[in-house]
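Take a look at the structure below.
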Amino acid sequence: MAPMKPPKRLQALIEEGLIDTVVRQLMSGKEATVYVVRCGEDTRCAKVYKEATERSFRQAVDYTENRKVKNSRQARAMAKGTKFGREASEAAWQSAEVDALYRLAAAGVRVPKPYNFCDGVLLMELVTDEAGDAAPRLNDVLFTAEEARTHHASLLGEVVRMLTAGVVHGDLSEFNILLSHDGPVIIDLPQAVDAAGNNHAQRMLLRDVNNLRDFFGGFAPDLLSTQFGPEIWDLYQRGALLVDTPLTGHHERKAGPVDLGGVLREIDDARAEDAARRLRMQQAG
Ligand SMILES: Nc1ncnc2c1ncn2[C@@H]1O[C@H](COP(=O)(O)OP(=O)(O)OP(=O)(O)O)[C@@H](O)[C@H]1O
Ligand SMILES: [Mg+2]
């Protein structure tokens, strides 16, 4: 394909020799525009962050809380919303994704390999399908029940691995997971939070795990009654979560005033056991 005229935001990277040509625009999302670029022999992905003003605001209080800022002047300016402060939050937002990618790649989580971060552009591995084209999102693919259970188990394993590395994705869903030729790849991490230092980490972890359950449960309804979220968080909080900790898919709910049906719970248990067995098989394999 003939290269396109490079957009202005990629010009600097071309001048610095970080990329050679721009092949095409892949997607324009809420927070970034993503391009396929060539760097020597390699095809890569360039994520160009939008300016705060053009961006729909996902960076709610959840995400910024406890984000580490370099100094107190910066922190005060960010709180006051001065121009210096806005620029500092902007940079913190963008570099949060880069930091998370490096941290997770080092922990063995399947994320795109980061190459460079320069002038608000993240250069990373292009996640591809069997044909070498940009991989589809999970949302664009149909699964058999069996495939859904397999991917659900392997992605739960990734969530656990992330948490043991101290990171909660915070926006994990079928829209932010790509299906590459070698399985699911987790993307889009600017809102990732520090599991230990953020009061919203638990809520975000539970939401991430529920999103996986609901999406794959659409193909394999037996997953819908599993309780992996609370189980994982409970183990994490007790300092008992390791990458290979066996999970059951059950979680002891605190006894309420009424016990809502031990029978239903037993049915759930049987389903959860099957999901847990698959997870063990994943971890073993
Ligand atoms: N490393 C990559 N390899 C292949 N495709 C990618 C990669 N990164 C992003 N994409 C594609 O670009 C889209 C947008 O990327 P991303 O989700 O990171 O940005 P975003 O601005 O948050 O988008 P959205 O608002 O759609 O969530 C993804 O859905 C995916 O299709
Ligand atoms: Mg996204």
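Each reported figure results from applying straightforward, stated rules to the coordinates on display, with no laboratory input. Note that the structure is predicted; figures quoted are calculated from it, not measured. For neighbour counting, all protein chains shown are included, and Cβ atoms are generated from backbone atoms with ideal geometry for every residue, glycine included.
Structure values in brief
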| read-out | value |
| --- | --- |
| Gyration tensor (alpha-carbon) shape descriptor, segment 171-233, a/c threshold 1.5 | oblate |
| Estimated dipole of segment 138-284 in Debye, rounded to 20 [Cβ of Lys and Arg +1, of Asp and Glu -1, Cα centre] | 340 debye |
| Trypsin sites (Lys or Arg not before Pro) within segment 179-285: DSSP coil, no more than 14 neighbouring Cβ in 10 Å | ARG238, ARG253, LYS254 |
| Nearest-0.05 FRET efficiency for GLN11 and THR245, computed from C-beta distance (R0 41 Å) | 0.25 |
| Theoretical gain in end-to-end length, ASP274 to ARG203 [0.36 nm per residue, Cα-Cα removed] | 23.0 nm |
| Tensor-based shape of segment 101-157 (alpha-carbon gyration tensor, a/c under 1.5 rounded, otherwise prolate or oblate) | oblate |
| Per residue, the convex hull volume that the Cα atoms of segment 138-284 enclose (Å³) | 114 Å³ |
| Long pairs among LYS30/LYS50; LYS50/LYS113; LYS8/LYS113; LYS5/LYS30, criterion Cα-Cα beyond 19 Å | LYS50/LYS113; LYS8/LYS113; LYS5/LYS30 |
| Pairwise FRET efficiency - ASP182 versus LEU142, Cβ, R0 = 22 Å, nearest 0.05 | 0.70 |
| Low-density loop cleavage sites - GluC sites (Glu not before Pro) in segment 83-170, where at most 11 other Cβ are within 10 Å (DSSP) | GLU130 |
| Cα shape, segment 109-199, gyration tensor, a/c 1.5 rule | oblate |
